[in-house]
Amino acid sequence: NMYNVAIIGASEKDLNWLRDKIFCYGKEKNIDFCVTRYKSGKDFLTAYDYSVDMIFLDVKLPDLNGMEVAQKLRFVDYRVPVVLMDDSDEYVIEGYSVNATDFIIFPADKECFKGTMSRLVSKADEVNRSMPNRLRKILIY
């Protein structure tokens, strides 16, 4: 099974940490991940086509605030699992309003991240079972 992962924002350090942990999790569970990074919220929203299985969204982005990106995303796709990321817990409560699956506060804990990945994979499977990507793609056009 291949999962498409979008990482929006994230410093180089956090991006490298995320990639490393995602691929380690994949190796451990025998799951393949394809990771795409978007530097800004606008880049991601412009490119979004429903083929993404899970999203890691930095709350602090160079253009739009991460919460704004999540709100705009939820207008077109309420179901794709989103994990909000920040270096403080300032937006944790607000994360519920955009149906966030989880919230990562950097520096993140390796063991907690495994739990996050398990939830993401399980949620992505649930979404894909109810409406496969090819069908979700058709509906946007």
Of all residues making up the stretch 1-18, the number that are charged (D, E, K, R) and modelled with pLDDT of 95 or more: 0
Selection count, the stretch 104-117, where residues are in a helix (DSSP H, G or I) and either open to solvent by less than 50 Å² (accessible area, probe 1.4 Å) or in contact with a Cys (Cβ under 7 Å, 6 or more places away or on another chain) (or both): 4
Selection from the stretch 15-72 of residues that are under 23 Å from Glu90 (Cα atoms) and among the basic types (Lys, Arg): Lys39, Lys42, Lys60, Lys72
Total residues in the stretch 86-113, condition more than 14 Å from the chain's Cα centre (by Cα) and not aliphatic (A, V, I, L, M): 14
Count - residues of the stretch 1-24 that are over 18 Å from Ala124 (Cβ atoms) and either open to solvent by 80 Å² or more (accessible area, probe 1.4 Å) or of a type in the set (Val, Ile, Thr) (or both): 3
Subset of the stretch 51-73 (residues that are charged (D, E, K, R), open to solvent by less than 30 Å² (accessible area, probe 1.4 Å) and farther than 20 Å from Glu12 by Cα): Asp53
Residues located in the stretch 87-102, provided they are modelled with pLDDT under 90 and buried (at least 19 other Cβ atoms within 10 Å of the Cβ): Tyr91, Gly95, Val98
Residues within the stretch 25-42 that are farther than 25 Å from Arg129 by Cα and open to solvent by less than 80 Å² (accessible area, probe 1.4 Å), tallied: 4
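The values are calculated or read from the model by the stated rules, or taken from the named source; none is laboratory data. Computed from a predicted structure; not experimentally measured. Cβ: placed from backbone, ideal geometry, glycine included. Neighbour counts: every protein chain shown. Remember, those area values only see protein heavy atoms, side chains included, never the ligands or the DNA or RNA. Shrake-Rupley method; radii C 1.70, N 1.55, O 1.52, S 1.80 Å.
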